[in-house]
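I have placed the structure first, in the form of structure tokens, so that the comments after it can refer back to it.
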Amino acid sequence: MLTNKFEGFKIKKSRVHEFMRNDCNLSMKQTTCWPEARTSKENVQKRYEWVVKWSNTDMDFSRNCIFIDEAGFDINMRASRAWAPREQMAVTTTPTTKALSHTVLGALSSVGVVNLSIRVPKQPPKTNMFKGEASIL
């Protein structure tokens with residue numbers, strides 16, 4: 001291992017931080033978690049095609065648009081800070097999971113909030129294994 005070749009080597013945390021900041025041109029930032037599929041080539045192409053399609057219409061964001069978005073609670077815990085090149089976001093990817101989550105859905109227009117709601121998923125029924133058969137509690 002590499003540590004065996006440098007037995008007894010000591011370095012202060014401040015020197016490592018200085019090296020990362022000055023020599024590597026990195027800075028410590030809050031991380032942003034994105035699903036792996038978000039930056040796939042296919043999704044980037046679909047977004048580009050969507051923008052091209054809608055930019056050729058009479059859409060006026062300040063007069064005739066309502067923006068709808070949802071936000072889910074992240075169950076993939078990751079470190080909140082990471083090293084990244086200066087002027088760039090610190091991004092980590094997370095695998096898709098199938099855990100239950102709460103979702104907030106909002107609709108906004110140029111004049112303010114149109115509607116807000118929260119979706120709480122139903123819990124799946126609990127099962128009890130008794131003599132090799134499943135029964136609903």
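Quick check on my filter: what residues within segment 25-42 are of a type in the set (D, E, K, R) and either assigned to a loop (DSSP other than H, G, I, E, B) or surrounded by 10 or more Cβ atoms within 10 Å (Cβ to Cβ) (or both)? Listed by number, the residues that qualify are Lys29, Glu36, Arg38. Filtered by the rule that a residue be surrounded by 10 or more Cβ atoms within 10 Å (Cβ to Cβ), β-branched (Val, Ile, Thr) and more than 22 Å from the chain's Cα centre (by Cα), segment 52-70 gives a lone residue, Ile66.
Of all residues in segment 79-134, those being surrounded by 11 or more Cβ atoms within 10 Å (Cβ to Cβ), more than 29 Å from Thr39 (Cβ to Cβ) and modelled with pLDDT under 85 number 1.
Put simply, of Glu36, Glu42 the only residue that is over 28 Å from Val114 (Cα atoms) and modelled with pLDDT of 90 or more is Glu42. Looking across segment 2-24, just one residue is among the small types (Gly, Ala, Ser) and either part of a helix (DSSP H, G or I) or surrounded by 10 or more Cβ atoms within 10 Å (Cβ to Cβ) (or both), and that is Ser14.
The values are calculated or read from the model by the stated rules, or taken from the named source; none is laboratory data. Quantities reported herein were computed from a predicted structural model and do not represent experimental measurements. For neighbour counting, all protein chains shown are included, and Cβ atoms are generated from backbone atoms with ideal geometry for every residue, glycine included.
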